[in-house]
Every structure is written in structure tokens, then in C-alpha cells.
1. Can you go through Gln121, Gln184, Gln142 and tell me which one is under 19 Å from Gly18 (Cα atoms), surrounded by fewer than 18 Cβ atoms within 10 Å (Cβ to Cβ) and at pLDDT 95 or above?
2. Collect the residues in segment 145-180 that are at pLDDT 95 or above, surrounded by fewer than 19 Cβ atoms within 10 Å (Cβ to Cβ) and among the hydroxyl-bearing types (Ser, Thr, Tyr), keeping them in residue-number order.
3. Can you tell me which residues in segment 82-117 are surrounded by fewer than 17 Cβ atoms within 10 Å (Cβ to Cβ) and basic (Lys, Arg)?
4. Quickly run through segment 67-94 and pick out the residues that are assigned to a helix (DSSP H, G or I), of a type outside the set (Lys, Arg) and either touching a residue at least 60 places away in the same chain (Cβ under 8 Å) or touching a Pro at 6+ places or on another chain (Cβ under 8 Å) (or both).
5. So Val64 fits all but one of (1) of a type in the set (A, V, I, L, M); (2) more than 20 Å from Val160 (Cα to Cα); (3) touching a residue at least 12 places away in the same chain (Cβ under 8 Å); what number is the exception?
6. Counting only residues that are small (Gly, Ala, Ser) and at pLDDT 90 or above, which one in segment 46-69 is surrounded by the fewest Cβ atoms within 10 Å (Cβ to Cβ)?
7. Being within 16 Å of Leu92 (Cβ to Cβ) and acidic (Asp, Glu) is the filter here; which residues of segment 145-203 pass it?
8. Out of Ala144, Ala127, which single residue is in contact (Cβ under 8 Å) with a residue 12 or more places away in the chain, on the phi > 0 side of the Ramachandran plot and more than 11 Å from the chain's Cα centre (by Cα)?
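The values are calculated or read from the model by the stated rules, or taken from the named source; none is laboratory data. Keep in mind that this is a model prediction, so the values were computed, not measured. Ideal geometry is used to build each Cβ from the backbone, glycine not excepted, and the neighbour counts take in all protein chains shown.
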Amino acid sequence: MTDSMPRGPISRIEWVEGELRRAILGGEFAPGERLLTVQLAERYAVSPTPLREVLHRFAGEGLVEFIPQKGARVSELNARDALELAELRALLDAANLTAAAQNLLPEHREQIHQASDRLVQIWQADAGHSPAAELAYREFYQVASRANPSTRLREHAALVRELGSRYRLAAAALTSSPLIEIHQRLRTAVLDTSPERISEAVTADTSAFAAAFAAV
């Protein structure tokens with residue numbers, strides 16, 4: 001069971017949603033695994049009601065699917081979904097990072113360098129895309145988009161990025177060298193505020209993971 005729900009402005013549903021999302025995206029629940037409301041209610045020390053609402057939210061995102069007579073289960077991974085998420089990310093994160101790049105302050109640039117260095121170090125240490133690298137990967141995009149004034153664009157891009165995490169981890173055999181090369185091009189494009197190069201680098205990034213998953 002996880003720790004009890006923290007006190008504060010966060011709602012019970014928001015807390016359960018965050019915890020269950022992290023568990024699914026982190027691989028604690030495998031693709032195709034059933035999500036039993038009674039067991040989840042015990043795990044998170046909440047009533048079944050917020051869990052049902054969260055599962056229906058996840059179904060709308062494609063993270064969970066409902067099977068007649070059987071209830072909810074984690075959605076299976078498939079090449080078509082991986083490609084669709086990659087294509088959507090290429091559009092959203094290109095726009096997201098381009099908007100952010102146009103508003104960079106010196107502190108943003110320093111944060112981008114630090115987040116980038118952490119990611120590269122993990123890729124080098126793990127020789128590929130590990131769970132630790134996935135967290136650092138999403139953190140880099142979050143930091144790099146921090147100067148984007150559009151909250152809605154940042155949030156939509158982050159959601160699609162999260163949904164693709166299962167596919168990136170399933171393509172864990174992808175070695176670090178090409179990932180680092182693509183990432184460094186992206187970092188340079190953001191810091192140079194080059195919309196065309198940002199778009200090219202984001203597309204190369206998302207395409208590399210999608211291709212690696214398709215080859216699994």
C-alpha cells in the first residue's frame with residue numbers, strides 16, 4: 001500500500017489519478033493486466049468511487065480499456081498506437097518547445113543545460129533507455145518548455161509525452177549513442193531558438209523511439 005494521501009489542496013481523485021498513472025506508466029501494471037477496483041481501493045486506501053472515475057478518465061486517454069463482463073485492464077501496446085503518439089508528439093512538442101524558446105531567460109537556459117546533462121549521464125551509465133532515463137527524459141522536456149506561456153499547450157504536450165512512455169521503455173534495447181546525438185541536436189535547437197531545427201529534432205526523437213518499438 002502506498003503512503004496515505006497528503007493533506008492540502010489536491011483532491012482525492014487527483015491523488016489517486018497521479019499514483020495510478022505513475023504505476024501504469026512505470027510498468028508496475030503490465031499491458032493487458034486487469035485493474036481490479038477492490039484491490040486498487042485497498043492499495044491506495046480509498047473507496048472504489050474515485051478509482052472508477054479515474055479508470056474511466058484513463059480509458060478516454062487510451063491508457064486503460066474496458067472489457068465486457070471483465071472490467072478494466074491496462075491497454076495492450078501496439079505499433080499503430082506507438083506511431084500515432086509519436087506523430088502527435090512531433091506536432092505538440094515542436095510547437096511547445098518553439099514557444100518556450102522564444103521566451104527563454106538566463107535561468108531557463110541554465111536549467112535546460114542541467115536537465116540535459118542529467119539525461120545524458122543516465123543514458124551513458126545505463127547504455128540505453130532505462131526507467132531512470134525515462135524520468136529524466138520527461139523532466140528535460142518539462143524544463144525546456146517551462147518558458148512557454150501557454151499552459152494548455154504545455155499540459156497537452158506533457159500528457160501525450162507521458163502516454164508514450166510505455167512504448168519508449170518497451171524499446172529499451174535502443175542504445176544510448178543515437179539517443180544522445182538526437183538529444184544534443186534538440187538541446188542546441190532550443191537554445192538557439194530555431195523553430196525549424198526544433199521541429200526536425202523533435203521529429204527525429206519521437207521517430208527513433210517509434211521505430212525501435214516497431215522492431216521489438
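1. None of the others qualify; the one that does is Gln142.
2. Ser150, Thr151
3. Arg109
4. Of everything in segment 67-94, those that are assigned to a helix (DSSP H, G or I), of a type outside the set (Lys, Arg) and either touching a residue at least 60 places away in the same chain (Cβ under 8 Å) or touching a Pro at 6+ places or on another chain (Cβ under 8 Å) (or both) turn out to be Ala79, Asp81, Ala82, Leu83, Leu85, Ala86, Glu87, Leu88, Ala90, Leu92, Asp93, Ala94.
5. (2)
6. If we take residues in segment 46-69 being small (Gly, Ala, Ser) and at pLDDT 90 or above, then Gly60 is surrounded by the fewest Cβ atoms within 10 Å (Cβ to Cβ).
7. Selection gives Glu155, Glu162, Glu200.
8. Selected residue: Ala127, the only one of Ala144, Ala127 that is in contact (Cβ under 8 Å) with a residue 12 or more places away in the chain, on the phi > 0 side of the Ramachandran plot and more than 11 Å from the chain's Cα centre (by Cα).
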